[in-house]
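The values are calculated or read from the model by the stated rules, or taken from the named source; none is laboratory data. A quick note: this is a predicted structure, and the numbers were derived from the prediction, not measured. We place every Cβ from the backbone using ideal geometry, glycine too, and count neighbours over all the protein chains shown. Calculation scope for accessible area: heavy atoms of the full protein, side chains included, ligands and nucleic acids excluded. Shrake-Rupley method; radii C 1.70, N 1.55, O 1.52, S 1.80 Å.
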Amino acid sequence: LNQIEGLITQLYDATEYGSLTEVSKYDWELLGKFVNSVDDQGQITFDSYGLEETKNKLLDLIETAKLLSDKYTVVITNPPYMSIANSSATLSNWIKKNYPDSKTDLYAVFMERALSLCRAKGYISLITQQSWMFLSSFEELRMTLLRYQFINMAHMGARAFEEIGGEVVQTTSFVVKKVHVPSY
């Protein structure tokens, strides 16, 4: 009961934060057994009405939380691009608190999250806007990334995608291996 309450508390605003939500490790098997142990068969009473739906939602929540808590050998994404200034106040405040090194733009937050989802010696690969390489607001994020080994990088600049015209989005694509290389 304590674990399911903790998990629900931790994921309370997960619909707002999505895969940026960091989830603690829980005893997933125990949580599944706890939820499945609820008897939702038999006569419906005021206490049992909606129990089957709640049970199914909790099982989905456990499965999602398990995915968000795991570490992966490879993390690949083309994250959303959105200035945090254009987000809701709730999201903006949460990102500033939880992702201070990348709080300027959502794509940079996903870069930081990709690193946290990646196992040691694993790889992250992203295509992002190029601004993280140059702007002072991303200096801490650059310092974090430079602790690891860049396998390759393609600085594509403007017009990398024919769907996006002009100089609106200038991009870079990169692969980083999550290993510390001294003096790299």
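Some points to look at:
- Cleavage-rule hits (trypsin sites (Lys or Arg not before Pro)) in the range 50-102: DSSP loop, at most 14 neighbouring Cβ within 10 angstrom: Lys71
- Rounded to the nearest 10 degrees, the inclination of helix 51-69 to the longest alpha-carbon principal axis of the chain is 30 degrees.
- Computed label-point distance, nm, for sites Glu29 and Ile76 using a 7 Å Cα→Cβ extension: 3.2 nm
- Its Cα gyration tensor gives the range 55-145 an equivalent ellipsoid. The semi-axes, each the square root of 5 times an eigenvalue, are 25, 18, 11 Å from largest down.
- Accessible-area composition of the range 60-184, carbon plus sulfur, in percent [1.4 Å probe]: 54 percent
- Where only DSSP H runs of four or more residues are counted, the chain gives -11000 deg cm²/dmol as its mean residue ellipticity at 222 nm, each run worth -39500 (n - 2.57).
- Shape call, the range 91-184: gyration tensor on alpha carbons, a/c limit 1.5: oblate
- Local electrostatic count at Ser116 - Lys and Arg +1, Asp and Glu -1, tallied over other residues with Cβ under 9 Å: 0
- Computed FRET value (nearest 0.05) for Glu140 with Ile8, which takes r as the C-beta separation and R₀ as 35 Å: 0.60
- All lysines inside 30 Å of Lys103 as judged from Cα atoms, apart from same-chain residues fewer than 8 positions distant: Lys25, Lys66, Lys71, Lys121, Lys177, Lys178
- Heavy-atom SASA rank of Phe150, Phe134, Phe34 (probe 1.4 Å, accessible area, largest first): Phe134, Phe34, Phe150
- Net charge of neighbours whose Cβ lies under 14 Å from the Cβ of Ser137, counting Lys and Arg as +1 and Asp and Glu as -1: -2
- Fraction of antiparallel bridges per DSSP, the chain only, in percent to nearest 5: 75 percent
- The distance linking the range 75-91 with the range 110-184 is 15 Å (Cα centroid to Cα centroid, whole angstrom).
- Under-5 Å amide H pairs with Thr171, H placed in peptide plane, nonlocal only: Gln130, Met156, Gly157, Ala158, Ala160
- Legend: calculated FRET efficiency, Ser87 to Ser116, from the Cβ-Cβ distance at R0 = 22 Å, rounded to 0.05, equals 0.65.
- Using heavy atoms of the protein chains and a probe of 1.4 Å, the accessible area assigned to Glu29 is about 120 Å².
- 31 Å tail of the calculated P(r), the chain, as % of Cα pairs: 31 percent
- Average accessible area per residue (Å²) across the chain - probe 1.4 Å, nucleic acids and ligands excluded: 61 Å²
- Cα-projected label distance for Asn98 with Lys66, points at 7 Å along beta-carbon direction, nm: 2.1 nm
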